[in-house]
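Since the structure comes first, as C-alpha coordinates, the remarks are kept for the end.
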Amino acid sequence: MQPFTVSWEPHGRFGTMFQVNFDISTALTADTKKSFDMALAALEAPLAEWREAPLPHFTLLEKTDDLLALTEMAGDIVDAFARVIVLGTGGSSLGAQVLAQIHGWGTPSGQLKGPQLIFADNLDATTLAQLLAPERLAQTGFLVVSKSGETAETMIQLCCVLPALEAARLEPSRHIFGISGTGDVVLRRLAHKYGLRLLDHEADIGGRFAVLSNVGLLPALLAGCDIEAIRCGARENVAALFKNGASEHAAAQGAALQYAHMQAGRMISVLMPYADRLDRLTFWFRQLWAESLGKGGGGSLPANALGPVDQHSQVQLYLDGPDDKLFTLISHTTCGSGPKVPASFGADPGLAFMVERTIGDLVDAEARATRDTLVAHGRPVRHMQLPDTNEAVMGALLMHFMLETIMAAALMGIDAFDQPAVEEGKKKAKQYMLDMAT
(Lines give C-alpha, C1' and ligand atoms only; values in the text may rest on other atoms or scores of the structure.)
Protein backbone atom coordinates (compact mmCIF):
# COMPACT_ATOMS: atom_id res chain seq x y z
CA MET A 1 0.00 0.00 0.00
CA GLN A 2 1.22 3.47 -0.85
CA PRO A 3 1.90 6.07 1.87
CA PHE A 4 -0.48 8.99 2.01
CA THR A 5 1.25 12.15 0.84
CA VAL A 6 -0.21 15.63 1.26
CA SER A 7 1.22 18.55 -0.68
CA TRP A 8 0.10 21.91 -1.99
CA GLU A 9 1.52 24.98 -3.62
CA PRO A 10 3.18 27.38 -1.19
CA HIS A 11 0.54 29.77 0.08
CA GLY A 12 0.94 32.34 2.80
CA ARG A 13 2.64 31.03 5.92
CA PHE A 14 1.83 27.34 5.65
CA GLY A 15 2.92 26.20 2.21
CA THR A 16 4.59 22.84 2.74
CA MET A 17 4.69 19.19 1.85
CA PHE A 18 4.61 16.24 4.19
CA GLN A 19 4.20 12.51 4.01
CA VAL A 20 2.17 10.41 6.41
CA ASN A 21 3.01 6.73 6.25
CA PHE A 22 0.15 4.29 6.81
CA ASP A 23 1.39 0.72 7.09
CA ILE A 24 -1.38 -1.89 7.08
CA SER A 25 0.82 -4.80 6.09
CA THR A 26 0.79 -6.20 9.63
CA ALA A 27 -2.97 -5.68 9.98
CA LEU A 28 -4.08 -7.84 7.05
CA THR A 29 -4.57 -11.37 8.34
CA ALA A 30 -5.52 -14.63 6.66
CA ASP A 31 -9.11 -14.25 7.83
CA THR A 32 -9.48 -10.65 6.56
CA LYS A 33 -7.65 -10.37 3.23
CA LYS A 34 -10.56 -11.45 1.05
CA SER A 35 -13.09 -9.26 2.88
CA PHE A 36 -10.67 -6.34 2.73
CA ASP A 37 -10.25 -6.59 -1.03
CA MET A 38 -14.01 -6.82 -1.60
CA ALA A 39 -14.72 -3.89 0.74
CA LEU A 40 -12.09 -1.68 -0.87
CA ALA A 41 -13.56 -2.34 -4.32
CA ALA A 42 -17.07 -1.64 -3.02
CA LEU A 43 -16.05 1.84 -1.89
CA GLU A 44 -15.57 3.05 -5.46
CA ALA A 45 -19.36 3.37 -5.87
CA PRO A 46 -20.03 5.79 -2.97
CA LEU A 47 -16.84 7.64 -3.87
CA ALA A 48 -18.20 8.23 -7.37
CA GLU A 49 -21.42 9.59 -5.85
CA TRP A 50 -19.50 11.98 -3.60
CA ARG A 51 -17.50 13.26 -6.55
CA GLU A 52 -20.75 14.24 -8.26
CA ALA A 53 -22.49 15.50 -5.11
CA PRO A 54 -19.90 16.28 -2.41
CA LEU A 55 -20.95 15.95 1.21
CA PRO A 56 -21.11 19.24 3.17
CA HIS A 57 -18.21 17.90 5.23
CA PHE A 58 -16.09 18.22 2.07
CA THR A 59 -17.36 21.54 0.75
CA LEU A 60 -16.85 23.11 4.20
CA LEU A 61 -13.11 22.87 3.62
CA GLU A 62 -13.34 25.25 0.65
CA LYS A 63 -15.05 27.98 2.67
CA THR A 64 -13.31 31.17 3.66
CA ASP A 65 -16.25 33.49 4.26
CA ASP A 66 -16.77 32.10 7.78
CA LEU A 67 -13.24 32.80 8.95
CA LEU A 68 -13.49 36.57 9.42
CA ALA A 69 -16.32 36.42 11.97
CA LEU A 70 -14.69 33.77 14.09
CA THR A 71 -11.30 35.49 13.88
CA GLU A 72 -12.86 38.75 15.12
CA MET A 73 -14.61 36.96 17.96
CA ALA A 74 -11.42 35.15 18.93
CA GLY A 75 -9.52 38.44 18.97
CA ASP A 76 -12.06 40.03 21.28
CA ILE A 77 -11.93 37.04 23.64
CA VAL A 78 -8.12 36.92 23.74
CA ASP A 79 -7.91 40.65 24.45
CA ALA A 80 -10.40 40.49 27.31
CA PHE A 81 -9.83 37.27 29.25
CA ALA A 82 -7.08 35.27 30.89
CA ARG A 83 -9.35 32.23 31.17
CA VAL A 84 -12.00 30.85 28.80
CA ILE A 85 -14.42 28.12 29.82
CA VAL A 86 -15.96 26.19 26.93
CA LEU A 87 -19.47 24.93 27.69
CA GLY A 88 -20.33 22.12 25.31
CA THR A 89 -20.42 18.36 25.38
CA GLY A 90 -19.56 15.56 22.95
CA GLY A 91 -18.93 16.87 19.46
CA SER A 92 -19.32 20.44 20.68
CA SER A 93 -16.12 20.07 22.67
CA LEU A 94 -13.99 17.02 21.85
CA GLY A 95 -12.76 18.15 18.42
CA ALA A 96 -11.84 21.55 19.82
CA GLN A 97 -9.84 19.82 22.53
CA VAL A 98 -7.83 17.97 19.88
CA LEU A 99 -6.87 21.24 18.21
CA ALA A 100 -6.19 22.98 21.53
CA GLN A 101 -3.45 20.42 22.20
CA ILE A 102 -1.46 21.22 19.07
CA HIS A 103 0.65 23.84 20.84
CA GLY A 104 0.18 22.46 24.32
CA TRP A 105 1.00 19.50 26.44
CA GLY A 106 -0.97 17.11 28.64
CA THR A 107 -4.56 18.22 28.99
CA PRO A 108 -6.14 20.99 26.87
CA SER A 109 -5.97 23.41 29.82
CA GLY A 110 -2.18 23.22 29.67
CA GLN A 111 -1.70 24.76 26.24
CA LEU A 112 1.18 27.18 25.97
CA LYS A 113 -0.46 29.95 23.93
CA GLY A 114 -3.47 32.20 24.45
CA PRO A 115 -5.81 32.31 27.44
CA GLN A 116 -6.19 29.26 29.64
CA LEU A 117 -8.80 27.01 28.03
CA ILE A 118 -11.02 24.89 30.24
CA PHE A 119 -13.44 22.45 28.63
CA ALA A 120 -16.33 21.85 31.00
CA ASP A 121 -17.64 19.07 28.81
CA ASN A 122 -18.72 16.66 31.52
CA LEU A 123 -21.58 17.98 33.63
CA ASP A 124 -20.57 17.84 37.28
CA ALA A 125 -22.02 19.85 40.14
CA THR A 126 -18.79 20.25 42.12
CA THR A 127 -16.65 21.12 39.11
CA LEU A 128 -19.01 23.81 37.84
CA ALA A 129 -19.36 25.35 41.29
CA GLN A 130 -15.56 25.63 41.52
CA LEU A 131 -15.30 27.14 38.04
CA LEU A 132 -17.87 29.78 38.96
CA ALA A 133 -16.01 30.96 42.07
CA PRO A 134 -16.65 34.74 42.03
CA GLU A 135 -13.05 35.85 42.54
CA ARG A 136 -12.04 34.72 39.02
CA LEU A 137 -15.13 35.59 37.03
CA ALA A 138 -13.93 39.07 36.02
CA GLN A 139 -11.08 37.44 34.05
CA THR A 140 -13.24 34.65 32.63
CA GLY A 141 -14.99 34.38 29.29
CA PHE A 142 -17.45 31.65 28.36
CA LEU A 143 -17.93 29.99 24.98
CA VAL A 144 -21.24 28.12 24.75
CA VAL A 145 -21.54 25.57 21.93
CA SER A 146 -24.66 23.60 20.96
CA LYS A 147 -25.87 22.77 17.47
CA SER A 148 -29.42 22.14 18.65
CA GLY A 149 -29.29 25.19 20.89
CA GLU A 150 -31.05 23.08 23.49
CA THR A 151 -28.51 20.54 24.77
CA ALA A 152 -29.65 19.93 28.36
CA GLU A 153 -26.18 19.73 29.93
CA THR A 154 -24.99 22.89 28.21
CA MET A 155 -28.15 24.87 28.82
CA ILE A 156 -28.21 24.12 32.55
CA GLN A 157 -24.57 25.25 32.74
CA LEU A 158 -25.46 28.49 30.98
CA CYS A 159 -28.44 29.03 33.27
CA CYS A 160 -26.00 28.88 36.20
CA VAL A 161 -23.34 31.07 34.57
CA LEU A 162 -25.74 33.94 33.85
CA PRO A 163 -26.81 34.60 37.48
CA ALA A 164 -23.24 34.01 38.70
CA LEU A 165 -22.02 36.84 36.46
CA GLU A 166 -24.85 39.12 37.49
CA ALA A 167 -24.19 38.41 41.18
CA ALA A 168 -20.57 39.47 40.60
CA ARG A 169 -21.85 42.68 38.92
CA LEU A 170 -20.51 41.59 35.56
CA GLU A 171 -22.32 42.08 32.26
CA PRO A 172 -23.14 38.71 30.58
CA SER A 173 -22.96 40.26 27.10
CA ARG A 174 -19.28 41.05 27.69
CA HIS A 175 -18.39 37.59 29.01
CA ILE A 176 -20.46 35.06 27.06
CA PHE A 177 -20.05 34.08 23.40
CA GLY A 178 -21.59 31.16 21.58
CA ILE A 179 -22.13 28.94 18.57
CA SER A 180 -25.64 27.69 17.92
CA GLY A 181 -27.97 26.36 15.30
CA THR A 182 -30.53 28.81 14.00
CA GLY A 183 -34.25 29.02 14.68
CA ASP A 184 -36.36 29.46 17.80
CA VAL A 185 -34.12 27.52 20.19
CA VAL A 186 -33.24 28.10 23.83
CA LEU A 187 -29.71 29.38 23.24
CA ARG A 188 -30.93 31.88 20.66
CA ARG A 189 -33.67 33.11 22.99
CA LEU A 190 -31.20 33.57 25.85
CA ALA A 191 -28.78 35.34 23.52
CA HIS A 192 -31.53 37.77 22.51
CA LYS A 193 -32.50 38.41 26.11
CA TYR A 194 -28.96 39.01 27.39
CA GLY A 195 -27.34 40.46 24.26
CA LEU A 196 -24.92 37.57 23.71
CA ARG A 197 -22.86 37.27 20.52
CA LEU A 198 -23.46 34.06 18.59
CA LEU A 199 -22.00 32.47 15.49
CA ASP A 200 -24.09 30.11 13.38
CA HIS A 201 -23.36 26.40 13.64
CA GLU A 202 -23.00 24.71 10.25
CA ALA A 203 -26.54 23.58 9.50
CA ASP A 204 -25.65 20.39 7.62
CA ILE A 205 -22.85 19.13 9.84
CA GLY A 206 -23.47 17.36 13.14
CA GLY A 207 -21.40 18.03 16.23
CA ARG A 208 -19.08 15.02 16.09
CA PHE A 209 -18.09 15.94 12.52
CA ALA A 210 -17.85 19.69 13.22
CA VAL A 211 -14.21 19.97 14.28
CA LEU A 212 -13.22 21.78 11.06
CA SER A 213 -16.03 24.31 11.40
CA ASN A 214 -16.11 27.24 13.83
CA VAL A 215 -16.88 24.71 16.60
CA GLY A 216 -13.28 23.52 16.48
CA LEU A 217 -11.56 26.45 14.82
CA LEU A 218 -12.63 29.16 17.30
CA PRO A 219 -11.06 27.38 20.30
CA ALA A 220 -8.09 26.55 18.05
CA LEU A 221 -7.57 30.25 17.43
CA LEU A 222 -7.73 30.90 21.17
CA ALA A 223 -4.96 28.33 21.57
CA GLY A 224 -2.77 30.08 18.99
CA CYS A 225 -3.33 27.73 16.04
CA ASP A 226 -3.16 28.52 12.33
CA ILE A 227 -6.69 27.57 11.32
CA GLU A 228 -6.07 27.99 7.59
CA ALA A 229 -3.36 25.34 7.80
CA ILE A 230 -5.74 23.00 9.65
CA ARG A 231 -8.33 23.26 6.90
CA CYS A 232 -5.69 23.05 4.21
CA GLY A 233 -4.39 19.72 5.51
CA ALA A 234 -7.92 18.36 5.63
CA ARG A 235 -8.78 19.71 2.18
CA GLU A 236 -5.75 18.12 0.56
CA ASN A 237 -6.60 14.79 2.16
CA VAL A 238 -10.05 14.82 0.54
CA ALA A 239 -8.53 15.95 -2.77
CA ALA A 240 -6.15 12.98 -2.67
CA LEU A 241 -9.09 10.60 -2.17
CA PHE A 242 -10.98 11.98 -5.16
CA LYS A 243 -7.86 12.04 -7.32
CA ASN A 244 -6.40 8.63 -6.49
CA GLY A 245 -9.49 6.56 -5.74
CA ALA A 246 -10.26 4.26 -2.86
CA SER A 247 -7.58 1.66 -3.54
CA GLU A 248 -4.77 4.19 -3.14
CA HIS A 249 -6.09 6.18 -0.19
CA ALA A 250 -5.35 5.49 3.46
CA ALA A 251 -8.82 6.34 4.76
CA ALA A 252 -10.53 3.98 2.32
CA GLN A 253 -8.00 1.29 3.15
CA GLY A 254 -8.69 1.95 6.83
CA ALA A 255 -12.44 1.65 6.39
CA ALA A 256 -12.05 -1.61 4.46
CA LEU A 257 -9.64 -2.91 7.09
CA GLN A 258 -11.97 -2.06 9.97
CA TYR A 259 -14.92 -3.64 8.16
CA ALA A 260 -12.96 -6.82 7.35
CA HIS A 261 -11.93 -7.27 10.99
CA MET A 262 -15.51 -6.74 12.14
CA GLN A 263 -16.54 -9.47 9.72
CA ALA A 264 -13.85 -11.70 11.24
CA GLY A 265 -15.19 -11.09 14.76
CA ARG A 266 -12.70 -8.50 16.00
CA MET A 267 -15.22 -6.08 17.42
CA ILE A 268 -12.82 -3.77 19.30
CA SER A 269 -10.84 -1.04 17.55
CA VAL A 270 -7.95 0.27 19.66
CA LEU A 271 -6.43 3.67 18.86
CA MET A 272 -3.10 4.22 20.65
CA PRO A 273 -0.93 7.25 19.83
CA TYR A 274 2.47 7.89 21.36
CA ALA A 275 2.23 11.60 22.16
CA ASP A 276 0.47 13.61 24.85
CA ARG A 277 -0.62 16.06 22.14
CA LEU A 278 -2.67 13.27 20.53
CA ASP A 279 -4.41 12.20 23.73
CA ARG A 280 -7.70 14.02 23.08
CA LEU A 281 -7.71 12.71 19.52
CA THR A 282 -8.49 9.29 20.94
CA PHE A 283 -11.49 10.60 22.89
CA TRP A 284 -12.79 12.46 19.83
CA PHE A 285 -12.38 9.31 17.71
CA ARG A 286 -14.16 7.24 20.36
CA GLN A 287 -17.33 9.30 20.02
CA LEU A 288 -17.04 9.62 16.25
CA TRP A 289 -16.73 5.87 15.71
CA ALA A 290 -19.22 4.72 18.35
CA GLU A 291 -22.03 7.15 17.61
CA SER A 292 -21.68 6.91 13.84
CA LEU A 293 -21.46 3.13 13.50
CA GLY A 294 -23.17 1.63 16.54
CA LYS A 295 -26.54 1.01 14.90
CA GLY A 296 -28.85 -1.87 14.12
CA GLY A 297 -26.83 -4.32 16.16
CA GLY A 298 -23.60 -3.52 14.29
CA GLY A 299 -20.44 -1.56 14.85
CA SER A 300 -17.24 -2.10 16.79
CA LEU A 301 -16.19 -0.81 20.19
CA PRO A 302 -13.64 2.04 20.00
CA ALA A 303 -11.06 1.75 22.78
CA ASN A 304 -8.63 4.57 23.40
CA ALA A 305 -5.17 4.20 24.88
CA LEU A 306 -2.06 6.39 25.15
CA GLY A 307 1.56 5.40 24.91
CA PRO A 308 3.84 4.88 26.63
CA VAL A 309 1.69 5.08 29.80
CA ASP A 310 -0.86 2.45 28.75
CA GLN A 311 1.88 -0.08 28.16
CA HIS A 312 1.56 -0.43 31.94
CA SER A 313 -2.23 -0.70 32.03
CA GLN A 314 -3.45 -2.26 28.79
CA VAL A 315 -0.73 -4.08 26.85
CA GLN A 316 -0.84 -7.23 29.01
CA LEU A 317 -4.45 -7.68 27.88
CA TYR A 318 -3.62 -6.78 24.31
CA LEU A 319 -0.84 -9.36 24.10
CA ASP A 320 -2.17 -12.21 26.22
CA GLY A 321 -5.93 -11.67 26.15
CA PRO A 322 -8.46 -12.59 23.46
CA ASP A 323 -7.70 -11.93 19.79
CA ASP A 324 -10.72 -9.65 19.34
CA LYS A 325 -9.04 -6.32 18.60
CA LEU A 326 -7.64 -4.34 15.67
CA PHE A 327 -4.83 -2.02 16.78
CA THR A 328 -3.98 1.37 15.29
CA LEU A 329 -0.73 2.79 16.63
CA ILE A 330 0.26 6.38 15.85
CA SER A 331 3.78 7.66 16.32
CA HIS A 332 5.66 10.71 15.18
CA THR A 333 9.30 11.67 14.90
CA THR A 334 10.67 11.96 18.44
CA CYS A 335 14.26 10.70 18.24
CA GLY A 336 16.65 13.26 19.64
CA SER A 337 13.90 15.44 21.13
CA GLY A 338 13.43 16.48 24.73
CA PRO A 339 15.78 16.47 27.72
CA LYS A 340 18.90 14.26 27.56
CA VAL A 341 20.30 12.03 30.30
CA PRO A 342 23.83 13.23 31.25
CA ALA A 343 26.80 10.88 30.98
CA SER A 344 27.31 11.09 34.75
CA PHE A 345 24.47 8.61 35.27
CA GLY A 346 26.35 5.90 33.35
CA ALA A 347 28.04 4.64 36.51
CA ASP A 348 24.80 2.94 37.52
CA PRO A 349 24.39 -0.23 35.41
CA GLY A 350 20.62 0.11 35.58
CA LEU A 351 20.80 3.49 33.87
CA ALA A 352 23.64 2.93 31.41
CA PHE A 353 21.31 2.30 28.43
CA MET A 354 19.80 5.75 28.95
CA VAL A 355 23.04 7.74 28.94
CA GLU A 356 23.21 10.38 26.21
CA ARG A 357 19.70 9.39 25.14
CA THR A 358 16.72 11.77 25.13
CA ILE A 359 13.16 11.33 26.33
CA GLY A 360 12.14 11.20 22.68
CA ASP A 361 14.57 8.35 22.05
CA LEU A 362 12.87 6.19 24.66
CA VAL A 363 9.38 7.08 23.43
CA ASP A 364 10.38 6.06 19.90
CA ALA A 365 11.94 2.81 21.12
CA GLU A 366 8.86 1.93 23.17
CA ALA A 367 6.47 2.69 20.32
CA ARG A 368 8.44 0.40 18.00
CA ALA A 369 8.74 -2.25 20.69
CA THR A 370 4.99 -2.29 21.36
CA ARG A 371 4.22 -2.56 17.64
CA ASP A 372 6.71 -5.36 17.04
CA THR A 373 5.63 -7.30 20.13
CA LEU A 374 1.96 -7.11 19.16
CA VAL A 375 2.83 -8.37 15.69
CA ALA A 376 4.95 -11.16 17.15
CA HIS A 377 1.92 -12.26 19.17
CA GLY A 378 -0.17 -12.44 16.02
CA ARG A 379 -2.18 -9.29 16.68
CA PRO A 380 -3.30 -7.17 13.71
CA VAL A 381 -1.58 -3.78 13.85
CA ARG A 382 -1.93 -0.73 11.61
CA HIS A 383 0.83 1.83 12.07
CA MET A 384 0.57 5.54 11.25
CA GLN A 385 3.87 7.43 11.19
CA LEU A 386 3.45 11.22 11.33
CA PRO A 387 6.21 13.67 10.47
CA ASP A 388 4.92 16.14 13.06
CA THR A 389 1.82 17.09 15.04
CA ASN A 390 1.43 20.58 13.57
CA GLU A 391 -1.74 22.16 12.22
CA ALA A 392 -1.55 20.81 8.67
CA VAL A 393 -0.82 17.27 9.81
CA MET A 394 -3.61 17.38 12.40
CA GLY A 395 -6.09 18.70 9.86
CA ALA A 396 -5.22 15.81 7.55
CA LEU A 397 -5.40 13.30 10.40
CA LEU A 398 -8.79 14.49 11.62
CA MET A 399 -10.15 14.30 8.09
CA HIS A 400 -8.64 10.83 7.72
CA PHE A 401 -10.68 9.49 10.62
CA MET A 402 -13.85 11.24 9.47
CA LEU A 403 -13.43 9.77 6.00
CA GLU A 404 -12.69 6.35 7.45
CA THR A 405 -15.84 6.52 9.56
CA ILE A 406 -18.07 7.72 6.73
CA MET A 407 -16.77 5.01 4.41
CA ALA A 408 -17.09 2.30 7.06
CA ALA A 409 -20.75 3.31 7.44
CA ALA A 410 -21.19 3.02 3.67
CA LEU A 411 -19.82 -0.52 3.79
CA MET A 412 -22.19 -1.35 6.64
CA GLY A 413 -25.17 0.15 4.81
CA ILE A 414 -26.02 2.62 7.56
CA ASP A 415 -26.31 6.40 7.97
CA ALA A 416 -23.13 7.72 9.61
CA PHE A 417 -24.71 11.02 10.56
CA ASP A 418 -27.69 10.20 12.79
CA GLN A 419 -27.88 8.89 16.37
CA PRO A 420 -31.46 7.68 16.92
CA ALA A 421 -30.82 5.63 20.05
CA VAL A 422 -29.32 8.59 21.92
CA GLU A 423 -32.54 10.57 21.68
CA GLU A 424 -34.46 8.07 23.82
CA GLY A 425 -32.20 8.67 26.82
CA LYS A 426 -32.44 12.44 26.39
CA LYS A 427 -36.22 12.32 26.49
CA LYS A 428 -36.22 10.17 29.62
CA ALA A 429 -33.76 12.45 31.43
CA LYS A 430 -35.97 15.45 30.68
CA GLN A 431 -39.01 13.61 31.99
CA TYR A 432 -37.18 12.63 35.20
CA MET A 433 -36.30 16.29 35.77
CA LEU A 434 -39.97 17.21 35.36
CA ASP A 435 -40.97 14.44 37.74
CA MET A 436 -38.76 15.94 40.47
CA ALA A 437 -41.06 18.97 40.58
CA THR A 438 -44.16 16.89 41.32
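The values are calculated or read from the model by the stated rules, or taken from the named source; none is laboratory data. All figures in this text were calculated on a predicted structure; none of them were measured in a lab. Every residue, glycine among them, receives a Cβ derived from its backbone with ideal geometry; neighbour counts consider all protein chains shown. SASA here: full protein model, heavy atoms, side chains in, ligands and nucleic acids out. Shrake-Rupley method; radii C 1.70, N 1.55, O 1.52, S 1.80 Å.
For A367, state whether it is closer than 13 Å to A275 by Cβ and modelled with pLDDT of 95 or more.
Answer is yes for this residue.
Residue pairs, Cβ under 8 Å, 6 or more apart or interchain, first in region 20-33 and within 9 Å of A260 (Cα to Cα), second open to solvent by 50 Å² or more (accessible area, probe 1.4 Å). List them. Hits for this filter: T32/Q263.
Checked against the criterion of being of a type in the set (A, V, I, L, M) and touching a Pro at 6+ places or on another chain (Cβ under 7 Å), the candidates L278, L326, L317, L288 yield just one match: L326. Just one of the listed residues (P308, P302) is within 30 Å of G413 (Cβ to Cβ), touching a helix residue (DSSP H, G or I) at 6+ places or on another chain (Cβ under 6 Å) and open to solvent by less than 50 Å² (accessible area, probe 1.4 Å), and it is P302. Restricted to helices (runs of 4 or more DSSP H) entirely inside region 245-330, those with at least 2 residues that are more than 22 Å from A365 (Cβ to Cβ) and either in contact with a Leu (Cβ under 6 Å, 6 or more places away or on another chain) or of a type outside the set (K, R) (or both) are 250-263, 279-293.
A246 passes every criterion in (1) closer than 20 Å to H57 by Cα; (2) open to solvent by 10 Å² or more (accessible area, probe 1.4 Å); (3) in contact (Cβ under 8 Å) with a residue 60 or more places away in the chain apart from (2).
Considering only region 163-188, state which residues are over 18 Å from Q130 (Cβ atoms), over 29 Å from the mean Cα position of the chain (by Cα) and in a helix (DSSP H, G or I). Answer for region 163-188, where residues must be over 18 Å from Q130 (Cβ atoms), over 29 Å from the mean Cα position of the chain (by Cα) and in a helix (DSSP H, G or I): E166, P172, S173, R174.
Rundown of residues vs (1) part of a helix (DSSP H, G or I); (2) without any contact (Cβ under 8 Å) to a residue 12 or more places away in the chain; (3) within 14 Å of I179 (Cβ to Cβ), yes/no style:
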{"residue": "P54", "(1), (2), (3)": "no, yes, no"}
{"residue": "L70", "(1), (2), (3)": "yes, no, yes"}
{"residue": "G104", "(1), (2), (3)": "no, no, no"}
{"residue": "T126", "(1), (2), (3)": "yes, yes, no"}
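When R208 is tested against the conditions (1) open to solvent by 40 Å² or more (accessible area, probe 1.4 Å); (2) charged (D, E, K, R); (3) touching a residue at least 12 places away in the same chain (Cβ under 8 Å); (4) outside any loop (DSSP other than H, G, I, E, B), the lone failure is (1).
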